[in-house]
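Comments concern the structure below.
The values are calculated or read from the model by the stated rules, or taken from the named source; none is laboratory data. Note that the coordinates shown come from a computational prediction; the quantities given were computed from them, not determined experimentally. Neighbour counts are summed over all protein chains in view; Cβ atoms, including those assigned to glycine, are modelled from backbone coordinates with ideal geometry. Only protein heavy atoms, including side chains, enter the accessible area calculation; ligands, DNA and RNA are left aside. Shrake-Rupley method; radii C 1.70, N 1.55, O 1.52, S 1.80 Å.
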Amino acid sequence: AQKITQTQPGMFVQEKEAVTLDCTYDTSDPSYGLFWYKQPSSGEMIFLIYQGSYDQQNATEGRYSLNFQKARKSANLVISASQLGDSAMYFCAMREGGEYGNKLVFGAGTILRVKS
Amino acid sequence: GAVVSQHPSWVICKSGTSVKIECRSLDFQATTMFWYRQFPKQSLMLMATSNEGSKATYEQGVEKDKFLINHASLTLSTLTVTSAHPEDSSFYICSARKSGLAGGRTGELFFGEGSRLTVL
C-alpha cells in the first residue's frame, strides 16, 4: 500500500500567488515525521519543512507552511507569494518511528511551475 | 545545515564494467547513510541503508550483489554498481543523518548532489 500519496502530478501558479501542494499519508505508527523537499532541475534535494506527529502547531518556515490535519492524515505544503525560483519538483516524505526512525519514504512528487 | 558530497556527479561507462560512487559527509559524522535511486520524473526509491562498520540493509527487490555498499567510516559510504547494464542507468542519490543527539528532533536527512550514471 502507498505510504505517501501526492495526487497532483503538476501544478501551475501565478507569480506572487499562494499555492497548496497536497500530501496524504498512511501509517499505523503513532510517532512519525513528515517532510517536504524541493528538487530543482539540477537534482539536489533541498529540505523545506518538517512536522512531527505530536507537534501541536503547524510548522512554518518563511514562505513555507505545512497544513497538518492529523485526523485526515494529510500534510499539505503551502507556499505563499510564489517566486519564479520556486519552480521545481516537490516531494512529501514520511519517516516512521518518530525521532529514532530511519527510513524516509517519498511520495511520487508534484512538479510546480510558477508563471510570470 | 550540513554538507553531503557525492562523487562523481556524472559518469558514463561501458556495459559490463563496474562503477563506484562515493558519498561523504563533510562536516558531520553519520553512522547511517541511505542510497536512493531516481528515474526521470519519478520519485526517490530507497535502495539500501548503509551502516558504518556493518553490512548494509537492502530493500526488497534490490540485488545486493549488484549494488555493493561499503560504509567504512563515519563520513564515507560507497555504492558500487557491478557489471553495469543500460537498465542500471539512473540518478543515484545518497543521504545522511547526523549521528546521535546531533541529529536533533527532526532527524533531517542531508542529501548529496546526486550521481547520474549512464551505461552504454
From the list B:THR80, B:THR31, which one is open to solvent by 10 Å² or more (accessible area, probe 1.4 Å) and within 14 Å of another protein chain (Cβ to nearest Cβ)? B:THR31
Taking region A:94-114 on its own, how many of its residues are more than 7 Å from chain B (Cβ to nearest Cβ), at pLDDT 95 or above and open to solvent by less than 10 Å² (accessible area, probe 1.4 Å)? 2
Name every residue in region A:30-55 that is open to solvent by 20 Å² or more (accessible area, probe 1.4 Å), in a loop (DSSP other than H, G, I, E, B) and within 14 Å of chain B (Cβ to nearest Cβ), in order of residue number. A:SER31, A:PRO40, A:SER41, A:SER42, A:GLU44, A:TYR54, A:ASP55
Filter region A:71-92 down to the residues that are farther than 17 Å from A:GLN6 by Cβ and open to solvent by 20 Å² or more (accessible area, probe 1.4 Å) and list them by number. A:ALA71, A:SER80, A:ALA81, A:GLN83, A:LEU84, A:GLY85
Pick from region A:15-29, criterion under 15 Å from A:GLY107 (Cα atoms) and buried (at least 16 other Cβ atoms within 10 Å of the Cβ), ranking: farthest from the chain's Cα centre (by Cα): A:THR27
If you check A:PHE68, A:PHE12, which single one turns out to be open to solvent by 70 Å² or more (accessible area, probe 1.4 Å), in contact with a strand residue (DSSP E or B) (Cβ under 7 Å, 6 or more places away or on another chain), farther than 30 Å from B:TRP10 by Cα and part of a strand (DSSP E or B)? A:PHE12
Residues in region A:30-44 that are over 14 Å from A:ILE111 (Cβ atoms) and basic (Lys, Arg): how many? 0
